[in-house]
Amino acid sequence: MTNFKNLAEFMAYFSNEKACKNYFEKIRFANGDFCVHCGHDKINRFKDGRYRCASCKQDFTIKTGTIFGESKLPLQKWFIAIYLLTTSKKGISSIELAEQVGVTQKTAWFMDHRIREALKQGGGKLFGEGIVEVDETYLGGKHVRKDGFKKKHAVMGMTERGGKIKAYAIPHRGTEVLLPTIKKHVSKKAFIMSDEARVYTKLPKLGYQHGSVKHGKKHWAHGNINTNSIESFWALFKRNYHGTYHSMSKKHLQKYIDEVAFRFNMRGEDIQALFDTATLKIAASGKLSYKTLTA
Ligand SMILES: [Zn+2]
């Protein structure tokens with residue numbers, strides 16, 4: 001429906017608010033018109049852009065009920081923020097986003113977190129070609145907090161070789177956390193590759209086939225026995241962390257993971273596919289109020 005391959009074409013396409021609304025209308029009603037209040041499929045359109053449900057008679061706009069609906073920010077500013085957040089390989093700080101979009105840093109931070117929330121990883125299990133790499137890593141540790149503690153956050157990732165990733169912040173790397181996470185996200189048909197951590201030797205008991213590589217000797221890995229896919233995700237994530245975000249609070253860590261995972265899973269796609277996918281997710285996502293975010 002759209003056609004842009006770079007920022008110049010993107011800006012030309014979304015040169016005014018009407019163009020942004022028309023685009024988002026096509027995205028939101030991709031499966032047909034519906035009332036955002038009651039779900040009824042007959043709505044009337046007014047010239048000023050509002051809709052009125054033929055059944056419950058309530059009015060709404062194309063933004064109502066989405067992350068765009070709770071602020072007076074024009075869609076164009078949101079779209080630029082989405083563009084920057086989904087196409088910047090190293091992520092974008094809220095300071096930079098504020099400058100580029102022309103909003104305060106507080107507003108940029110809010111937009112950032114709302115977009116990340118909408119990009120969050122969905123349910124469903126990984127199937128792929130059968131090989132799923134599983135690994136965990138720690139973030140932080142170099143940063144000494146005000147209270148003197150060095151805070152590290154554990155993150156667990158599962159990726160189809162050469163395919164999609166799922167990654168989650170976890171409270172710790174114990175068996176009682178790692179194994180249920182694998183069971184939840186990885187199909188029993190998968191062949192799991194991991195390092196030689198003892199916890200993973202329990203995988204065959206859960207019904208998985210399992211192979212392991214010796215930790216710290218991964219340069220010896222050859223053929224199929226490696227965890228290179230997941231390590232490329234950790235490398236990407238750490239470039240985002242150290243290069244752009246510097247620190248991530250435990251509370252918001254999952255949202256940053258979701259953001260980087262979105263870009264990782266969309267790698268190789270063109271800008272338009274990235275943007276269409278992100279706005280489709282936003283159209284489908286629920287509300288997240290500023291109150292919830294800062295509570
Ligand atoms: Zn209705």
**Request:** From Asn240, Asn226, grab the single residue that is over 23 Å from Gly123 (Cβ atoms), assigned by TED's automatic domain parsing to the domain that holds Ser212 and outside any helix (DSSP H, G or I).
**Result:** Asn226
**Residue that is nearest to the chain's Cα centre (by Cα) [pool: residues in the stretch 66-89 that are of a type in the set (Val, Ile, Thr) and farther than 14 Å from Ala118 by Cα]** = Thr87
**Message:** If I ask for residues that are more than 14 Å from the ligand (Cβ to nearest atom) and surrounded by 14 or more Cβ atoms within 10 Å (Cβ to Cβ), which ones from the stretch 30-60 would you list?
**Reply:** Gly49
**Prompt:** Taking the stretch 119-153 only, how many residues are at pLDDT 90 or above and either touching a Pro at 6+ places or on another chain (Cβ under 8 Å) or farther than 19 Å from Ile230 by Cα (or both)?
**Reply:** 1
**Residue in the stretch 81-104 that is crowded, with 16+ Cβ neighbours inside 10 Å, aliphatic (A, V, I, L, M), more than 16 Å from the ligand (Cβ to nearest atom) and over 23 Å from Gln272 (Cβ atoms) present** = yes
**Message:** Looking only at the stretch 1-55, how many residues end up being of a type in the set (D, E, K, R) and outside any helix (DSSP H, G or I)?
**Reply:** 9
**Asked** Restricting attention to the stretch 227-245, which residues are surrounded by fewer than 13 Cβ atoms within 10 Å (Cβ to Cβ) and in contact (Cβ under 8 Å) with a residue 24 or more places away in the chain?
**Response** Gly243
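Given the criterion touching a Phe, Trp or Tyr at 6+ places or on another chain (Cβ under 6 Å) and assigned to a loop (DSSP other than H, G, I, E, B), identify the matching residue among Phe79, Phe68.
Only one candidate qualifies: Phe68.
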**Message:** Anything in the stretch 34-45 that is out of contact with any Phe, Trp or Tyr (no Cβ under 6 Å at 6 or more places or on another chain) and in contact (Cβ under 8 Å) with a residue 12 or more places away in the chain? List them, or say none.
**Reply:** Cys35, His37, Cys38, His40, Lys42
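The values are calculated or read from the model by the stated rules, or taken from the named source; none is laboratory data. These numbers were taken from a predicted model, which means no experiment stands behind them. Glycine gets a Cβ as well: all are built from the backbone with ideal geometry, and neighbour counts include every protein chain shown.
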